[in-house]
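Below: one structure, written as structure tokens.
The values are calculated or read from the model by the stated rules, or taken from the named source; none is laboratory data. Quick caveat: nothing in here was measured; it's all calculated off a predicted structure. As a convention, Cβ positions derive from the backbone with ideal geometry for all residues, glycine included, and neighbour counts pool all protein chains shown. What goes into the accessible areas is simple: the full protein's heavy atoms, side chains included, and nothing from ligands, DNA or RNA. Shrake-Rupley method; radii C 1.70, N 1.55, O 1.52, S 1.80 Å.
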Amino acid sequence: MALEIRQFACLEDNYGFLIHCSETGACAAIDTPEPARILEEARAAGWRVSEIWNTHHHWDHAGGNDTIRAASGARITAPAAEADKIGHVDARMHPGDRVRLGRLEAQILDVGGHTLGHIAYWFETEGVAFVGDALFALGCGRLFEGTPQQAQAGLARLRDLPPETVIYCAHEYTQANAKFALSVDPQNAALQAYAREVEALRARGEPTVPTTIARERAANPFLRWDDSALRAGLGLETAQDWQVYGAVRAAKDRFRG
Ligand code: ZN
Ligand code: FE
């Protein structure tokens with residue numbers, strides 16, 4: 001397989017990712033949370049960062065762009081809708097566009113909500129997606145800019161990816177997310193097992209990222225708007241899907257675990 005992925009911790013709880021086409025040497029940083037760390041990881045791998053692919057405009061995702069560009073001359077690919085906030089952008093992406101990394105190709109998915117123009121990068125052939133802050137293991141990003149309708153539509157696009165798709169999210173929030181998830185979906189056996197696994201991984205200092213669409217569909221309350229037990233617990237048996245998502249999001253925002 002031509003796609004190589006290097007994942008490493010950045011800042012407090014971010015993950016940095018470097019992706020590499022082993023046939024051509026092209027290498028992209030997915031977001032730029034901690035530029036010095038990203039450049040060091042690239043050096044250690046023997047890779048040169050030729051690309052930056054941003055998911056959204058927040059500082060812990062695009063704030064290191066200039067430093068990396070100055071160091072490596074990386075070309076910046078970013079959501080067209082957020083280019084003004086990001087600064088220098090070479091390639092402005094719209095939903096449905098395709099972007100190449102050497103011999104590899106990713107599709108741009110619209111996952112707006114956390115921010116209005118948030119995009120995900122989906123490598124269909126390799127079965128891998130980089131989703132930024134749109135979806136987390138057992139959680140999802142806060143609704144800073146979009147509406148619940150918009151965010152739920154974006155999450156539905158991710159949920160509809162092949163179940164084995166490997167999901168790289170940008171933060172290690174899973175332990176806190178699991179506590180909340182159990183509070184709204186306490187009888188879910190898949191969630192209970194997942195939460196135990198997360199405890200064990202974190203106790204050993206290991207990451208819970210990446211996850212898969214199958215795991216999240218079974219246990220993540222932000223993707224379970226059509227689950228009857230979750231709906232009943234919220235008193236929303238007959239609500240629209242986005243309303244169920246919105247109620248879960250609002251409950252999480254209030255939750256003090
Ligand atoms: Zn963010
Ligand atoms: Fe973030």
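Out of the stretch 55-69, which residues are outside any loop (DSSP other than H, G, I, E, B) and of a type in the set (S, T, N, Q)? Steps first, answer last, please.
First, the residues of the stretch 55-69 that are outside any loop (DSSP other than H, G, I, E, B): 59-62, 65-69.
Residues satisfying the conditions are Asn65, Thr67.
No other residue among Ile38, Ile19, Ile30, Ile52 is among the β-branched types (Val, Ile, Thr) and more than 16 Å from ligand 2 (Cβ to nearest atom) apart from Ile19. Selection of the stretch 178-199 for residues being in contact (Cβ under 8 Å) with a residue 60 or more places away in the chain and open to solvent by 10 Å² or more (accessible area, probe 1.4 Å) yields Lys179, Ser183, Val184. Determine whether Ala106 is free of Cβ contacts under 8 Å to residues at least 60 places away in the same chain, out of contact with any His (no Cβ under 9 Å at 6 or more places or on another chain) and within 18 Å of Phe17 (Cβ to Cβ). Here the answer is yes, as Ala106 does meet what is asked. Exactly one residue out of Glu82, Glu4 is surrounded by 20 or more Cβ atoms within 10 Å (Cβ to Cβ) and among the acidic types (Asp, Glu): that is Glu82.
Considered as a group, the residues in the stretch 200-257 that are part of a helix (DSSP H, G or I), over 28 Å from Trp122 (Cα atoms) and of a type in the set (Lys, Arg) include one that is least open to solvent (accessible area, probe 1.4 Å), and that residue is Arg231.
Filtering the stretch 57-84 to residues that are away from ligand 2 (no atom under 16 Å from the Cβ) and under 23 Å from Arg157 (Cα atoms) leaves Thr77, Ala80, Ala81, Ala83.
Which one is farthest from Ala250 (Cα to Cα), of the residues in the stretch 150-165 that are open to solvent by less than 40 Å² (accessible area, probe 1.4 Å) and in a loop (DSSP other than H, G, I, E, B)? Here the residue is Thr165. Screening the stretch 127-149 for residues that are in contact with a strand residue (DSSP E or B) (Cβ under 7 Å, 6 or more places away or on another chain) and in a strand (DSSP E or B) and picking the one that is nearest to ligand 2 (Cβ to nearest atom) gives Gly132.
Scan the stretch 18-54 for residues that are assigned to a loop (DSSP other than H, G, I, E, B), touching a residue at least 60 places away in the same chain (Cβ under 8 Å) and either out of contact with any helix residue (DSSP H, G or I) (no Cβ under 6 Å at 6 or more places or on another chain) or open to solvent by 70 Å² or more (accessible area, probe 1.4 Å) (or both) and report the count. Count: 4. Determine which member of the set Gly87, Gly96 is more than 18 Å from the chain's Cα centre (by Cα) and either more than 16 Å from Glu145 (Cβ to Cβ) or more than 16 Å from ligand 2 (Cβ to nearest atom) (or both). After ruling out the rest, the residue left standing is Gly87.
For the stretch 86-102, the criterion of being in contact with a His (Cβ under 9 Å, 6 or more places away or on another chain), within 14 Å of Gly132 (Cβ to Cβ) and touching a residue at least 24 places away in the same chain (Cβ under 8 Å) is satisfied by at least one residue. For the stretch 7-17, filtered to residues that are within 16 Å of ligand 1 (Cβ to nearest atom) and either free of Cβ contacts under 8 Å to residues at least 60 places away in the same chain or among the basic types (Lys, Arg) (or both), the residue that is surrounded by the fewest Cβ atoms within 10 Å (Cβ to Cβ) is Glu12.
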